[in-house]
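Before any comments, here is the structure.
The values are calculated or read from the model by the stated rules, or taken from the named source; none is laboratory data. None of these values were measured; they are calculated from a predicted model. As a convention, Cβ positions derive from the backbone with ideal geometry for all residues, glycine included, and neighbour counts pool all protein chains shown. Quick note on the areas: whole protein, heavy atoms, side chains included, nothing else; ligands and nucleic acids left out. Shrake-Rupley method; radii C 1.70, N 1.55, O 1.52, S 1.80 Å.
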Amino acid sequence: MPKETDRLKLPLPLGNETVTRESINRIFEKIDAGVATREAILISAGSDLNSYITEGEYYCPENATVETLANSPTGVAFHLKIERHAGVVQTLTTFEPSDLQVFQRNYYFGWGSWKKVPTRDEIQQLQEDLQNADIPPASLTEPGIVQLSNATEGTSETLAATEKAVNDARLAAQQYVDDKAWQKYPLTQDNGYSKLSRVDLNTLTDPGMYYADGSQSPNLPTINGADFYVEVIKISANNLIQRVTLASTSTAKVYVRQRWATTTWTPWVLQTPQRRVWGAL
């Protein structure tokens, strides 16, 4: 018996057979009929659906035969369509009119799992279930439906604040703080550290706490270019004092000078004179 092709079951003559014109014509007629009708190919008992990757249409008409198949998502007769993409997709449709089911899966370097495609009736039923669902109002202890609100001064525990309400509350809080009489002038850096000063101390008149680099800050008390902590206290443009403390672990020296109703600084005055120790005569 000659072999047959997989799709259209065309006879493949053996090497010792004589091929007649009539047999060739029959093959052509079968090709013509098969292409025109896209005849589905029968899936035989014991087949593995994982091996079906050739584009086309297939069918298994008997439930008993389906029970012998490997990797089938159903146990009833079905139609199988295979289409190409980067790999292939299998679409399997069961035969029962009263219980139509459709399954799909993809093949791309391996098979994915079968996914059941919702029917129109199932989608409609889901929509009806959602519309008729009895969802209670949300509370502090129970999830549920919640209403949005733009209010910023309410006391409700069942409403949810919108983005606008949160922003309005933020702006109101900022305005509340800005309207209060609090110290708004920064005397230090934001981290609380002293400001670094490398300017002539004669021009350092802004109130604040500074750390003066002795090598780059003229008009400090003359102590070999030493660094100082500087405090500037001011009550008006020409009424202010400067108090500096030597940055040293061995000697604590504090100097003060001022400007009072003038643009000229007084000399530095040492506030912590060195202790004099008198020895025995």
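Overview of values
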read-out	value
Among the candidates ASP206, ASP178, ASP168, residue that is in a loop (DSSP other than H, G, I, E, B), more than 23 Å from GLY225 (Cβ to Cβ) and among the acidic types (Asp, Glu)	ASP206
Residues of region 219-234 satisfying the condition of being under 20 Å from LYS195 (Cβ atoms) and either in contact with a strand residue (DSSP E or B) (Cβ under 8 Å, 6 or more places away or on another chain) or among the hydrophobic types (A, V, I, L, M, F, W, C) (or both)	LEU220, PRO221, ALA226, ASP227, PHE228, TYR229, VAL230, GLU231, VAL232, ILE233, LYS234
Matching residues in region 96-106 - criterion: being open to solvent by 70 Å² or more (accessible area, probe 1.4 Å) and touching a strand residue (DSSP E or B) at 6+ places or on another chain (Cβ under 8 Å)	LEU100, GLN104, ASN106
Number of the exception - ASN219 against (1) at positive phi; (2) touching a residue at least 24 places away in the same chain (Cβ under 8 Å); (3) surrounded by fewer than 15 Cβ atoms within 10 Å (Cβ to Cβ)	(3)
Spans of strands (runs of 3 or more DSSP E) in region 17-130 with at least 2 residues within 38 Å of the chain's Cα centre (by Cα) and under 23 Å from ASP6 (Cα atoms)	78-84, 88-94, 102-107
